[in-house]
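Each remark here refers to the structure printed beneath this line.
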Amino acid sequence: MKKELIFLGPPACGKGTQTDKLAKYFGFPHIDTGSLLRAEIKSGSENGKIAQQYIDKGLLVPITLVAEIIKNRLKQDDCKNGFILDGYPRSLEQAEMLEVIRKEIDGDNEVDFRATYFEIDTNLLVERIVNRRSCPKCGEIYNLISKPPKNEGKCDKCDVELTQRKDDNAETAQARFDTYNRETSPLVEYYKNKNVLSSIDADGTIEEVWERLLKVVE
Ligand code: AMP
């Protein structure tokens, strides 16, 4: 049966690292709206220019813009056996929109749809955000404290200079947490009421969280 997995959790809760690993494990595409939006910005498109204004303020990009990107991506052939959706939906409005998109793509076919909530104390996360770096070539995520690169400032795999996301500063991070609390956190109740939600403790090493994750998605 087609597997459609979505993930909830505050910024920098570790979802990106874990869902990327999970996508490789299942052989499904890892669809991360933050990365798709950053790619739009890089391409210089009109949508990218609009998205940038919201991302820089830690706010959600307008729903129609993200829906268009997600719909086009989920329709692609590599999603036909399943997909991992990371960072979408992020509001009740987007969750309703996802229902419409899934209906259009899957019709009446039975699908294994599940949401996983990464539960973690947000006090731990601002420090994680400001210490986060990534490789502009392969996308590997590092943390200067918990997962430093072997050679200072360089990707272990590509040996290129690591970069820091523009919105990974303390001020924008706070705005992103406010947005999360206001817009995204109500989705926990939403998916609980639909009986599709599992929660995992996201405080731990990458390996510990991975073990917990596998138990709820396999
Ligand atoms: P992320 O890479 O998941 O931390 O996302 C970075 C930024 O992209 C967020 O702070 C939002 O401004 C924007 N963004 C990512 N996903 C969405 C979404 N589903 N809806 C609206 N904006 C989004």
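The values are calculated or read from the model by the stated rules, or taken from the named source; none is laboratory data. In this text, all values refer to a predicted model and were calculated from it rather than measured experimentally. Cβ: placed from backbone, ideal geometry, glycine included. Neighbour counts: every protein chain shown. Remember, those area values only see protein heavy atoms, side chains included, never the ligands or the DNA or RNA. Shrake-Rupley method; radii C 1.70, N 1.55, O 1.52, S 1.80 Å.
Go through the stretch 133-159 and report how many residues are open to solvent by 60 Å² or more (accessible area, probe 1.4 Å) and in a loop (DSSP other than H, G, I, E, B).
So the count comes out to 13.
Considering only residues of the stretch 39-63 that are in a helix (DSSP H, G or I) and in contact (Cβ under 8 Å) with a residue 24 or more places away in the chain, which is nearest to the ligand (Cβ to nearest atom)?
Checking each candidate, the answer is ILE55.
Given (1) open to solvent by less than 40 Å² (accessible area, probe 1.4 Å); (2) at pLDDT 95 or above; (3) more than 10 Å from the ligand (Cβ to nearest atom), where does GLY14 come up short, assuming only one miss?
Answer for GLY14: the failing condition is (2).
For the stretch 65-81, does any single residue satisfy the condition of being β-branched (Val, Ile, Thr), away from the ligand (no atom under 14 Å from the Cβ) and closer than 18 Å to LEU187 by Cα?
No, the stretch 65-81 has no match at all.
Which residue pairs have Cβ atoms under 6 Å apart, sit 6 or more places apart or on different chains, and have a first residue in the stretch 131-148 that is under 19 Å from THR19 (Cβ atoms) and a second that is of a type in the set (Lys, Arg)?
Cβ pairs passing all conditions: CYS138/LYS157; TYR142/ARG133; ASN143/ARG132.
Looking at the stretch 25-46, can you tell me whether even one residue there is surrounded by fewer than 16 Cβ atoms within 10 Å (Cβ to Cβ), out of contact with any His (no Cβ under 8 Å at 6 or more places or on another chain) and of a type in the set (D, E, K, R)?
yes
Considering only the stretch 72-81, I want to know if a residue exists there that is touching an Asp or Glu at 6+ places or on another chain (Cβ under 7 Å) and part of a helix (DSSP H, G or I).
No.
Which residue pairs have Cβ atoms closer than 7 Å, lie 6 or more positions apart in sequence or on different chains, and pair a first residue in the stretch 14-36 that is over 14 Å from LYS3 (Cβ atoms) with a second residue that is in a helix (DSSP H, G or I) and open to solvent by 50 Å² or more (accessible area, probe 1.4 Å)?
Hits for this filter: THR17/ILE206.
State whether the residues of the stretch 196-209 include one that is over 30 Å from GLN94 (Cα atoms) and open to solvent by less than 70 Å² (accessible area, probe 1.4 Å).
Within the stretch 196-209, one or more residues are over 30 Å from GLN94 (Cα atoms) and open to solvent by less than 70 Å² (accessible area, probe 1.4 Å).
Among the residues of the stretch 59-73, is there at least one that is open to solvent by 10 Å² or more (accessible area, probe 1.4 Å), under 19 Å from LYS194 (Cα atoms) and out of contact with any helix residue (DSSP H, G or I) (no Cβ under 7 Å at 6 or more places or on another chain)?
no
Just to be sure, is LEU22 open to solvent by less than 30 Å² (accessible area, probe 1.4 Å) and under 20 Å from CYS138 (Cα atoms)?
yes
Against the condition outside any loop (DSSP other than H, G, I, E, B), more than 21 Å from SER134 (Cα to Cα), open to solvent by less than 10 Å² (accessible area, probe 1.4 Å) and modelled with pLDDT of 95 or more, how does GLU104 come out, does it pass?
no
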